[in-house]
Amino acid sequence: MRLKSADIIFALDIAGTFLFAVEGAVVAAETGLDVFGILVLSFATALVGGVARDLLIGAVPPQAIKDWRYPATAFAAGVATFFFHRYVVAIPRPVFITLDAAALSLFAVAGTEKALDFGINSFVAALMGTLTGVGGGTLRDILLVRIPIILRADVYATAAFAGATTMIAARKLGLPPGAAALIGGFVCFGVRMVAVWRHWALPHLPGQ
C-alpha cells in the first residue's frame, strides 16, 4: 500500500515527539527541576520547533496544538521519565546520542515534507525542516540559561539541513515520499553520528 504524505508526517512527528520529549525531561531532571518543570521542558523540546514551522508556513492552528495526540505524547514521555528516572539515566550516553540523532532525523524530514506540501519552495522547505529539528532544543537551552546546542555541538543543525536537502533531491528525482523521507532521514542520522564520532565541528574564528 502506498503511503500518503500526511501519514508519513504524522508517524515521523509522533516518533520524534516522544524521543525529544524524553530528552527534554532528562535534561530538566538533571537540572533539578520539579515535575512541572520537567513537563514544560518535555513539551517545549518536543513541540516548539513544529509549532514555529507551522506558524511560518501558514498551517494554523499548529498541528501540535490542534491534535491532542502531540501534547499527550510529550507529557506521557515526561511523566514516564519522572517516575522511571533512575532507569532512564542509567541508559549509556552513546544510546542517548543515538536517540537524539534519530529524533533530529525524524523531525527534519517531517518538517521538510510538511513545508513542501504547503507549497513552500525547496530551499525554504529545507530550512523549515531544520527549524523543526532544532527549534525545541534551542528553546529548552534558553529556558535553562545556557548556550543552545545548535551553536556549540559538532554539526547538529547542519546534519538536519543535509537530511532535508537530500530528501528534497530524492523527491525531485522521482522517488516516492516514503522512500525520499527514509533516505533523507538516514543522511541526517549518519552525518550527526559521524560528526560525534569524528568530533567534526564547523570552522571557528582563529584563536577561538
Mean separation of Cα contacts under 8 Å (6+ apart) over length of segment 86-177, as relative contact order %: 28 percent
Volume per residue of the C-alpha convex hull in segment 101-208, rounded to whole Å³: 106 Å³
Segment 1-75, accessible surface, carbon-and-sulfur percent (1.4 angstrom probe): 70 percent
Mean Kyte hydropathy of 1.0 or more with a Cα span along the axis of at least 27 Å, helices from DSSP in the chain: 5-31, 35-57, 122-143, 177-198
Distance from segment 1-69 to segment 152-208 (C-alpha centre basis), Å: 20 Å
Under 12 Å, Cβ to Cβ, from Thr138 - net charge with Lys/Arg +1 and Asp/Glu -1: +2
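Over the chain, average the accessible area per residue using a 1.4 Å probe and give it in Å², no decimals. Write out the running numbers ahead of the final one.
Values: 10540 Å² over 208 residues.
Value for the chain: 51 Å² per residue.
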Coarse-grained scattering of segment 20-60 at q = 0.29, 0.30 Å⁻¹, given as base-10 log I(q)/I(0) from a Debye sum over alpha-carbon atoms: -0.82, -0.86
Label-point separation in nm, Arg198 to Leu55, each point 7 Å along Cα→Cβ: 3.7 nm
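When only Cα pairs under 8 Å and 6 or more residues apart are kept, what is the percent relative contact order across segment 146-208? Spell out each step's value before the answer.
Values: 59 pairs, mean separation 24.9, N = 63.
Worked out over segment 146-208, it gives 40 percent.
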Contact order normalised by residue count of the chain, Cα under 8 Å, 6+ apart, percent: 23 percent
Convex hull of the chain built on C-alpha atoms - directionally averaged projected area, nm²: 12.5 nm²
Carbon + sulfur, % of accessible area of segment 81-193 - ligands and nucleic acids excluded, 1.4 Å: 73 percent
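The values are calculated or read from the model by the stated rules, or taken from the named source; none is laboratory data. If you're wondering where the values come from, they're calculated on a predicted model, not measured in any experiment. Heads up, the Cβs are rebuilt from the backbone with ideal geometry, glycines too, and the neighbour counts pull from every protein chain shown. Calculation scope for accessible area: heavy atoms of the full protein, side chains included, ligands and nucleic acids excluded. Shrake-Rupley method; radii C 1.70, N 1.55, O 1.52, S 1.80 Å.
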